[in-house]
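**Q** Below you'll find the structure I mean.
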Amino acid sequence: MGMTIAQKIIKAHLISGDMTPGSEIALRIDQTLTQDATGTMAYLEFETMGIERVRTELSVAYIDHNTLQCGFENADDHRYIQTVAKKHGIRFSRPGNGICHQVHLERFGVPGKTLIGSDSHTPTGGGIGMLAFGAGGMDVAVAMGGGAYYITMPKMFKVNLTGKLRPFVTAKDVSLEILRILSVKGGVGAIIEWGGEGVKTLSVPERATITNMGTELGATTSIFPSDEITRAFLKAEGREDAWTALASDPDAEYDRIIDIDLSTLEPLVACPHSPDNVKKASELKGMKVDQVCIGSCTNSSLMDMLKVAALLKGRTVKPSVSLSISPGSRQVLSMLADCGALTDILASGARVLECACGPCIGMGFSPNSAGVSLRTFNRNFLGRSGTADAGVYLVSPETAVAAALTGEITDPRLLGDMPQITMPEAFRVDDSAVLMPASPEEAKDLEVVRGPNIKPFPDSRPVGDAIEAPLTLKVGDNITTDHIMPAGAKILPYRSNIPHLSQFCFGVCDASFPERAKAAGQSIVVGGSNYGQGSSREHAALVPLYLGVRAVIAKSFARIHVANLINAGILPLTFKNPEDYDALNQGDTLRLTGIHAGMDAGEITLQDVTTGKAYPLCCDFTERQKAMLKAGGLLAFTAIG
């Protein structure tokens, strides 16, 4: 039997385990990336391991999330990351150099290599044929130290593309179409490979948009072939020597095949508050729009920006609309300036923001009260924009421009002819904003600078044989890491200060939770299906750990979050009978006994002390995960090992 692209890369990097779906495998990791919202904690964790130099082929620290410096906190964290990177052999991408996924695609991504990043949209690298995973900071720290990355061997899905996109229909619409088909949990446990004749019509930036949005499906990762289009992109970046051809075998087998005819698609919109709440732009015609944001790691490439500039040229943004544009990298911004496209953007009345994540992570440019914001981003979770009652709609750059010009949701095909945009034969390469690390000899005398906002890592404790605690919070389905640990300009500066962050935990769901959890001392949280979807931020596990959460019981978990819970030493359990979720009430006292034996048996009994009823829970852990939980999490387990 032939192999898929992902299976070939996995086989080449397999350290242990067998490639049977559902089995635990350990992979050798070639590259890592971090960003500053998660990177500070990842490097604090790396330092605790006592390893002098990273052992990967390449590790890069990016500053792209916490770039607003309204106080000392972000600047201090940047200084810490810069100094720890220099000392330990990590390249440092300075603030303003760009969004990690855009820059990594441009300057460092290599087809056939493995990459993990402490950001859930690391699968963007699949646009050039990398096997790229989002992961928690602890997993990235271990990989930097030369350790393996452990995942459950995924199933293989294939999306077979035929036809060609029509004018004003984009890769973003392809992403929204697959979300419409599969939902935000339809890709869980699978790697999605994009293939078929239609792939040849998509550029690397378009492919990267699609793999970026694959994260919203809950997929382990997404990947495209590495072909002559990939080669042309790398050649334009001056990196043709990094290219290698990658394709699935003709007789490769897939667990599911989905067919999409590109020529039948039309402009789509994801409505609040989920990326899979997809409708046609034409169905929303006339909805008033207050704000438009173009950028993010999904849609900030040079190709996207040139299209935006061409559509804005000679036109003016509607007075009732505020338009922001964030180029994805300094390379993109420089090339927009060189060709005059930046002038066209500015002349339209748009506001050009820094080459950073910005509004996508709630870091500035929040909408007005109850405002409608159209964004070319990847997430529209409630409150993520920084405005609690805003309605965020996810769209393509073309649909975003149409709304900015008309003041309402508009099918972009009504704008007239689509200007022809071609990819340059050579990009403007300037890596001066990527600082190289010191040599091992120089590093010995370097000091790592720590500001007062950096607080100690929260103490974990081994999962004992019994837990009795109150159910301090019960939440519903599709709870995101933004619900558990919100982002935004007021909170993100404290990513290295877990005690301060704790007062915001579950603030979107129940602002009284932190006080209640502290009073309880230890507690249990109950959730619905797809608990922990969204960002890879391990703070959504570390902060509950600090607040005394010992176990989370849910109908099902998102992949990265359940790994982060185990890494933190929090016991994640699922209902054997999902309907039992309805029987538990917030405030009940819950008891778990015989935990260690239950781990081995795959089932633990939950006693509701308040009602006297009992419920079976599933605990499908690998031997390694059991050992980690018994040790008190990944760092404690690594120290023992």
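**Q** Ranking request for peptides 386-394, 236-244: highest mean number of other beta-carbon atoms within 10 Å first, then the rest in descending order.
**A** Working: 386-394: 20.8, 236-244: 15.8.
Final packing ranking: 386-394, 236-244.
**Q** Rounded to the nearest 500, what is the chain's calculated 222 nm mean residue ellipticity when only DSSP H runs of at least 4 contribute -39500 (n - 2.57) each, over all residues? Working shown, then result.
**A** On the way: 21 runs with 185 residues, N = 641.
Only helices count here, giving -8000 deg cm²/dmol.
**Q** Now for a separate question. Over 14 Å apart: what share of the alpha carbon pairs of the stretch 237-322 falls there, rounded to a whole percent? Spell out each step's value before the answer.
**A** Working: 3034 of 3655 pairs.
For the stretch 237-322, the share of Cα pairs beyond 14 Å comes to 83 percent.
**Q** Give me the number: length gained by fully extending GLU515 to ARG256, i.e. 0.36 nm times residue separation minus the C-alpha to C-alpha distance, one decimal in nm.
**A** On the way: separation 259, 0.36 × 259 = 93.24 nm, distance 4.60 nm.
Between GLU515 and ARG256, full extension yields an extra 88.6 nm.
**Q** When the Kirkwood radius is taken over all Cα pairs of the stretch 268-415, what Stokes-Einstein diffusion coefficient follows at 10 °C and 1.306 mPa s, in µm²/s? Before the final figure, lay out each step's value.
**A** Details: Rh = 14.7 Å.
Approximately 108 µm²/s, per Stokes-Einstein.
**Q** Once Rh for the stretch 19-86 is found with the Kirkwood sum over Cα pairs, what is the Stokes-Einstein diffusion coefficient at 10 °C and 1.306 mPa s, in µm²/s? Intermediate values should be presented prior to the final figure.
**A** Details: Rh = 13.7 Å.
It comes out at roughly 116 µm²/s.
**Q** Next question, about the same structure. Quick check: residue separation of THR20 and GLU266 times 0.36 nm, minus the Cα distance between them. What number comes out in nm? Show your work: numbers first, answer last.
**A** Values: separation 246, 0.36 × 246 = 88.56 nm, distance 3.80 nm.
Extra length available between THR20 and GLU266 comes to 84.8 nm.
**Q** Sticking with this one: When you count, for each residue, the other Cβ atoms within 10 Å and take the mean per peptide, how do 434-442, 550-558, 130-138, 414-422 rank with the highest first? Provide the component values of the computation, followed by the final result.
**A** Working: 434-442: 13.9, 550-558: 23.2, 130-138: 28.1, 414-422: 12.1.
Most protected by this proxy first, the peptides run 130-138, 550-558, 434-442, 414-422.
**Q** Along the charge dipole of the chain, pointing to its positive end and built from +1/-1 on Cβ of Lys, Arg, Asp and Glu, which listed residue (SER324, ALA558, ALA42) has its Cα farthest out?
**A** SER324
**Q** In addition: Only residues of the stretch 489-511 count here: report those whose backbone N is under 16 Å from the spot 7 Å along Cα→Cβ of LEU68, or say none.
**A** From the stretch 489-511, the list is 489-495.
**Q** Grab the alpha carbons of the stretch 123-217, take their convex hull, and tell me the volume per residue in Å³.
**A** Working: hull volume 10.0 nm³, N = 95.
Cα-based convex hull of the stretch 123-217, divided per residue, equals 105 Å³.
**Q** With labels modelled as points extended 7 Å from the Cα through the Cβ direction, what inter-label distance (nm, one decimal) is found for MET418 paired with ILE181?
**A** 1.9
**Q** Only counting other Cβ atoms within 10 Å, I'd like SER523, SER282, SER320 sorted with the fewest neighbours first. Intermediate results must be reported in sequence, preceding the final value.
**A** Details: SER523 23, SER282 15, SER320 12.
Ordered by Cβ neighbours within 10 Å, fewest first: SER320, SER282, SER523.
**Q** Please list 3J(HN,Hα) in residue order for the stretch 263-269, calculated via the Karplus relation 6.51 cos²θ - 1.76 cosθ + 1.60 where θ = phi - 60°; whole Hz, with x for glycine and proline.
**A** With the stated coefficients, the stretch 263-269 comes to 6, 9, 6, 9, x, 10, 9 Hz.
**Q** Below 8 Å between Cα atoms, with a sequence gap of 6+, how large is the relative contact order for the stretch 268-415 in percent? Each step should come with its number before you reach the end.
**A** Values: 347 pairs, mean separation 51.9, N = 148.
Rounded, it is 35 percent for the stretch 268-415.
**Q** Please compute the Cα-Cα pair-distance distribution of the stretch 5-264 with 10 Å bins starting at 0, giving whole percents from short to long.
**A** Reading the bins upward from 0: 7, 31, 35, 20, 6, 0.
**Q** Subtract the Cα-Cα distance of LYS285 and ARG55 from 0.36 nm times their separation in residues, and report this length gain in nm to one decimal. Could you put the intermediate results ahead of the total?
**A** Details: separation 230, 0.36 × 230 = 82.80 nm, distance 5.33 nm.
Extending this stretch completely gives an extra 77.5 nm.
**Q** Taking 8 Å as the Cα distance limit and 6 or more residues as the minimum spacing, I'd like the relative contact order of the stretch 5-264 as a percentage.
**A** Numbers: 571 pairs, mean separation 58.1, N = 260.
Relative contact order here is 22 percent.
**Q** Place a +1 charge on the Cβ of each Lys and Arg in the chain and a -1 charge on the Cβ of each Asp and Glu, then give the dipole magnitude about the Cα centre in debye, rounded to the nearest 20.
**A** Working: 59 positive and 69 negative charges, 148 e Å.
In total the dipole reaches around 720 debye.
**Q** Normalised by the number of residues in the chain, what is the relative contact order in percent for Cα pairs under 8 Å and 6+ residues apart?
**A** Numbers: 1636 pairs, mean separation 91.6, N = 641.
Rounded, it is 14 percent for the chain.
**Q** Can you pull the one-decimal nm distance between simple spin-label points at LEU446 and THR610, each 7 Å off the Cα toward Cβ?
**A** 5.3
**Q** So for the chain: antiparallel DSSP bridges make up what percent, rounded to the nearest 5?
**A** Values: 32 of 90 bridges.
Here the share of antiparallel DSSP bridges comes out near 35 percent.
**Q** Can you pull the one-decimal nm distance between simple spin-label points at ASN577 and ASP389, each 7 Å off the Cα toward Cβ?
**A** 4.2
Quick note: the coordinates plus some simple rules give every number you see, no bench work behind them. Please read all numbers here as calculations on a predicted model, not as lab measurements. Positions of Cβ are generated from backbone atoms using ideal geometry, with glycine treated the same way; all protein chains shown enter the neighbour counts.
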